[in-house]
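Notes to accompany the following structure.
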Amino acid sequence: MLAVLAVIGMTLKQLPDFAFRSAGDYTAAMDALHDRYDALLGAGAVGVLERLGAFSMFRSPWFSLGLFVLVISIVVCTLNRTPRLWRGVRDVRVVQPEPYFDPRLPDRAAMRGVAAADVAGAFRRRGFRVREATTEDGATHVYGDRHQYTKMATLLTHAGLITFLLAAAVTSRLGDEQGLVVAEGESLTVQPIGTPGLLLVRNLAFDAPGFDTGKPTDFTTDLAVFQDGRQIARKTIRVNDPLSIGGYTFHQNGFGPAPHLVVRDAAGLPLWDAPIPLTDSAGGSPYGILAVPGRDFGLQLLLRRAADGRGVVLILPYEVIGTDADGSPIPRNFDPVALAKGESANLAGLDASVELTDFSDYTLLIAKRDPGQGLVWIAFLLLISGITITFYLPRRRIWARLTPAGDLGLVWRSDRYIDVEREFGRLLDDLVAARRPA
């Protein structure tokens, strides 16, 4: 069930984490998914998939139920196997019946002329823990056990799997990952307003050597993080060199142009005075939209390069005059204007003006909070430890029975991935070397 749900979650584009910050963010993200899938599946089918949680599969109750059932299954399996594992490694039978040493059976050997003390000494030199016993018929039994408790390492492997699943549940429920578009010199909150210990990031400076030529060699952001009005961290971040503070890790992910516009009303009072990140693309050129605060009109912006190499911002003012049947806004466009740096123009029909004061850049940050990260490392250590112990320290056992007449029978037992011929052969060579004249 988890595999099927995971395939669905990897096939369908999932809602980003920021979509769950507010109703407006969720609506905007779902509108983008409707644009993507309505033509293929139909608006009704997309609505059904939304209600089933297909676009937030890894947050859905179905996926959580699958993880829960899998965890319970592994726990029950572990509890069921543990007593048998413990009995298998704890209960040691030193004395075996005579037919057990029949040399016609696999992994057996027989020889004469070796004393019991020499047998025990050879076992110990090969790293075996030795136990001895004598039966009523006068036979001496020597038992060697190496890595007796290795089988219990499977419990570490099971614990690692369970911890991995718990980490996934913790991250999906309590984690947060979102993109932050911050223009140079601007600030942006990381969590929703009102969150205790609210973090705020400020893009102090952005640098992309070679950006003007279209071939940047690097891009960095001088990033400061504030909490409760005071700066708690500052670092120049770049790709693969993030800043971690306050439970969040801030990764440098991208960048782009952000022309600085000043929009004024008819009286000359500013309605907007800040850079506008052009995060979208139209016709291969950077594109963005500004909804002017406090007014019912906005500006569509397209950045182009003039013949003389200067940057020119094409501005198309629009006004929303209503909505159509599916709730989409109905715009009315006004006369466009084109501005170079330092130029201004009146927006006909809107009693407003716009000025392009400068060009700056925005940086795209990925802010990630992963409370399950520590559990992942613990799970990794448990899993690797269990596998390493199981495969590199397998259990080996050997029984020896020495009769009063001097006949020695040997039985080797080990896991299937042990080279029996090599290891048992070396031990037999040691015993042959220890033989004494009759």
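The values are calculated or read from the model by the stated rules, or taken from the named source; none is laboratory data. Predicted model only: the values in this text are computed from it and were never measured. Quick reminder, even Gly has a Cβ in these numbers, built from the backbone with ideal geometry, and neighbours come from all protein chains shown. To get the accessible areas, we keep the full protein, side chains included, count just its heavy atoms, and leave off ligands, DNA and RNA. Shrake-Rupley method; radii C 1.70, N 1.55, O 1.52, S 1.80 Å.
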Q | Hey, ASP280 closer than 20 Å to GLY185 by Cα and either modelled with pLDDT of 95 or more or among the acidic types (Asp, Glu) (or both) or not | A | no
Q.
Within segment 57-64, does at least one residue satisfy the condition of being modelled with pLDDT under 90 and loosely packed, with under 15 Cβ neighbours inside 10 Å?
A. yes
Q: Quick one: which residue in ARG396, ARG401, ARG426 is under 48 Å from the mean Cα position of the chain (by Cα) and surrounded by 14 or more Cβ atoms within 10 Å (Cβ to Cβ)?
A: ARG396
Q: Provide a single number: the residues in segment 237-256 that are small (Gly, Ala, Ser), surrounded by fewer than 19 Cβ atoms within 10 Å (Cβ to Cβ) and in a strand (DSSP E or B).
A: 2
Q. Of all the residues that make up segment 47-64, how many are in a helix (DSSP H, G or I) and either within 30 Å of ALA133 (Cα to Cα) or free of Cβ contacts under 8 Å to residues at least 12 places away in the same chain (or both)?
A. 5
Q. Within segment 271-282, can one find any residue that is surrounded by 14 or more Cβ atoms within 10 Å (Cβ to Cβ), touching a residue at least 60 places away in the same chain (Cβ under 8 Å) and of a type in the set (Gly, Ala, Ser)?
A. yes
Q | Sole exception among (1) free of Cβ contacts under 8 Å to residues at least 24 places away in the same chain; (2) part of a strand (DSSP E or B); (3) not β-branched (Val, Ile, Thr) for ALA267, by number | A | (2)
Q.
If I go through segment 300-334 residue by residue, how many of them are more than 39 Å from the chain's Cα centre (by Cα), closer than 17 Å to ALA258 by Cα and assigned to a strand (DSSP E or B)?
A. 7
Q: Within segment 324-346, count every residue that is of a type in the set (Lys, Arg) and either exposed (fewer than 14 other Cβ atoms within 10 Å of the Cβ) or touching a residue at least 40 places away in the same chain (Cβ under 8 Å) (or both).
A: 1
Q. What are the residues in segment 165-197 that are in a loop (DSSP other than H, G, I, E, B) and open to solvent by less than 40 Å² (accessible area, probe 1.4 Å), if any?
A. GLY175, GLY185, VAL190, GLN191, GLY197
(Q) What are the pairs with Cβ atoms under 7 angstrom where one residue, in segment 380-401, is within 17 Å of LEU161 (Cβ to Cβ) and the other, located anywhere, is small (Gly, Ala, Ser) and in a helix (DSSP H, G or I)? Sequence gap at least six, or different chains. (A) LEU382/ALA159; LEU382/GLY160; LEU383/GLY160; GLY386/ALA153; GLY386/GLY160; ILE389/ALA153; THR390/ALA153
Q) When residues of segment 357-409 are filtered for being over 30 Å from MET152 (Cβ atoms) and hydroxyl-bearing (Ser, Thr, Tyr), how many remain? A) 5
Q. With respect to GLY160, is the statement that it is in contact with a strand residue (DSSP E or B) (Cβ under 8 Å, 6 or more places away or on another chain), farther than 17 Å from TYR248 by Cβ and either open to solvent by 40 Å² or more (accessible area, probe 1.4 Å) or modelled with pLDDT of 90 or more (or both) true?
A. no
Q) Taking segment 335-352 only, how many residues are part of a strand (DSSP E or B) and under 44 Å from the mean Cα position of the chain (by Cα)? A) 0
**Q.** PHE359 vs. criteria free of Cβ contacts under 8 Å to residues at least 40 places away in the same chain and in contact with a Pro (Cβ under 7 Å, 6 or more places away or on another chain)
**A.** no
Q.
Please list, ordered by residue number, the strands (runs of 3 or more DSSP E) wholly in segment 84-152 having 3 or more residues that are open to solvent by less than 30 Å² (accessible area, probe 1.4 Å).
A. 140-146
(Q) So the check is Cβ under 8 Å with 6+ separation or different chains; which pairs have a first residue in segment 215-227 that's closer than 7 Å to VAL201 by Cα and a second one that's of a type in the set (Gly, Ala, Ser) and at pLDDT 80 or above? (A) ALA224/ALA233; VAL225/ALA233; VAL225/GLY246; PHE226/SER187
